[in-house]
Amino acid sequence: MKYINFEDSGDAIPDEVYMKEALREAEKALEQGEVPIGAVVVAGGRIIGRGHNLTERLNDVTAHAEMQAFTAAASYMGGKYLRDCTLYVTIEPCVMCAGAAYWTQIDRIVFGALDEKRGFSKFGSNVLHPKTTVTNGILEQECAALVTSFFRNKRAT
């Protein structure tokens with residue numbers, strides 16, 4: 001796993017930097033024929049978990065990018081709680097991933113593009129832990145374009 005440490009820089013790192021890392025993960029998913037969604041978990045200015053969709057490769061409906069990133073981050077932290085961590089994900093988490101985020105007690109979720117069909121916000125914000133804050137729209141066009149072109153190409157074949 002590659003770690004990026006911005007702890008010592010003294011400057012606040014904008015959400016776009018971490019979202020670009022999530023987009024790199026989404027590109028990995030695309031290269032493997034997966035729906036191109038990527039995620040990273042950040043704590044203390046360091047990426048501690050990465051993930052991209054692996055549902056086709058693993059034949060596992062739960063192998064979403066967020067779930068992969070949560071597992072890696074929990075392993076790094078040595079426990080299941082991700083308090084004081086932020087999840088960056090290219091597309092709005094589904095209800096399953098939002099439920100998992102609830103159980104991790106993650107501090108913050110930042111996502112790029114809305115998922116109007118399957119995103120958790122369709123079901124209300126009560127799916128998330130009460131202390132979790134949400135920011136959306138970070139690199140929204142880039143995140144949406146990746147998924148839109150994937151499904152456009154899929155339908156064309």
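The values are calculated or read from the model by the stated rules, or taken from the named source; none is laboratory data. Just so it is clear, the structure is predicted and the values come from calculations on it, not from any experiment. So basically every Cβ, Gly included, is an ideal-geometry build from the backbone, and we count neighbours across all protein chains shown. Surface accessibility is based on the protein's heavy atoms, side chains included, excluding ligands, DNA and RNA. Shrake-Rupley method; radii C 1.70, N 1.55, O 1.52, S 1.80 Å.
For region 59-73, the criterion of a residue being assigned to a strand (DSSP E or B) and modelled with pLDDT of 95 or more is satisfied by no position.
The one condition from (1) more than 15 Å from the chain's Cα centre (by Cα); (2) farther than 20 Å from K20 by Cβ that L82 does not meet is (1). Each residue in region 97-122 was checked for being surrounded by fewer than 19 Cβ atoms within 10 Å (Cβ to Cβ) and part of a helix (DSSP H, G or I), and 5 of them qualify.
Look through region 123-157, keep the residues that are of a type in the set (G, A, S) and either part of a loop (DSSP other than H, G, I, E, B) or within 17 Å of M96 (Cα to Cα) (or both), and return whichever of them is modelled with the highest pLDDT. Per the stated criteria, the residue is G137. Restricting the first member to region 13-41 and to residues that are of a type in the set (S, T, Y), and the second to residues that are open to solvent by less than 50 Å² (accessible area, probe 1.4 Å), the beta-carbon pairs closer than 8 Å and six or more apart or on different chains are Y18/V40; Y18/V42; Y18/I47; Y18/T86; Y18/Y88; Y18/V110. Taken together, the residues in region 49-66 that are surrounded by fewer than 21 Cβ atoms within 10 Å (Cβ to Cβ) and either farther than 18 Å from T104 by Cβ or out of contact with any Lys or Arg (no Cβ under 9 Å at 6 or more places or on another chain) (or both) amount to 9. In region 132-154, the residues that are more than 27 Å from Y81 (Cα to Cα) and free of Cβ contacts under 8 Å to residues at least 60 places away in the same chain form Cβ pairs under 7 Å with partners that are surrounded by 15 or more Cβ atoms within 10 Å (Cβ to Cβ) and hydrophobic (A, V, I, L, M, F, W, C), at six or more places apart or across chains, as follows: E140/A113; A144/A113.
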